[in-house]
Amino acid sequence: MTASPLVPVPIPDRVAVLIGSCMPLRVLRAEIEADCAVREVHRFRGPLCHEDRADREQALAALARANKVLAAYNPGLVIGPHNS
């Protein structure tokens, strides 16, 4: 976990736990799901077969669902498919 997407400065685990303890559990789950979905989207590069396109679309749908929860809590938490 980093402090800012613009400047990747690592934060200590204790600080991350403290920040996480202030957020609702559903938001923390959505943040993890969004991060995993972005990683899944990045797995698919180049020309894709039909099955890979379907898997990529499924990952994008999971990202959209997670972002809906994140945006309802704080719009600044939304993760785009090109973020990593």
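Quick notes
Okay, residues lined up against (1) under 10 Å from the mean Cα position of the chain (by Cα); (2) of a type in the set (Lys, Arg); (3) open to solvent by 60 Å² or more (accessible area, probe 1.4 Å):
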| residue | (1), (2), (3) |
| --- | --- |
| Ala16 | no, no, no |
| Ile19 | no, no, yes |
| Cys36 | yes, no, yes |
| Arg39 | yes, yes, yes |
| Arg43 | no, yes, yes |
| Ala61 | no, no, no |
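- Within the range 52-84, the residues that satisfy the criterion of being in a helix (DSSP H, G or I) and in contact with a Leu (Cβ under 6 Å, 6 or more places away or on another chain) are Leu70, Leu77.
The values are calculated or read from the model by the stated rules, or taken from the named source; none is laboratory data. From a predicted model like this one, the values you see are computed outputs, not experimental measurements. Positions of Cβ are generated from backbone atoms using ideal geometry, with glycine treated the same way; all protein chains shown enter the neighbour counts. Side chains are part of the model used for accessible areas, which takes the heavy atoms of the whole protein and leaves out ligands, DNA and RNA. Shrake-Rupley method; radii C 1.70, N 1.55, O 1.52, S 1.80 Å.
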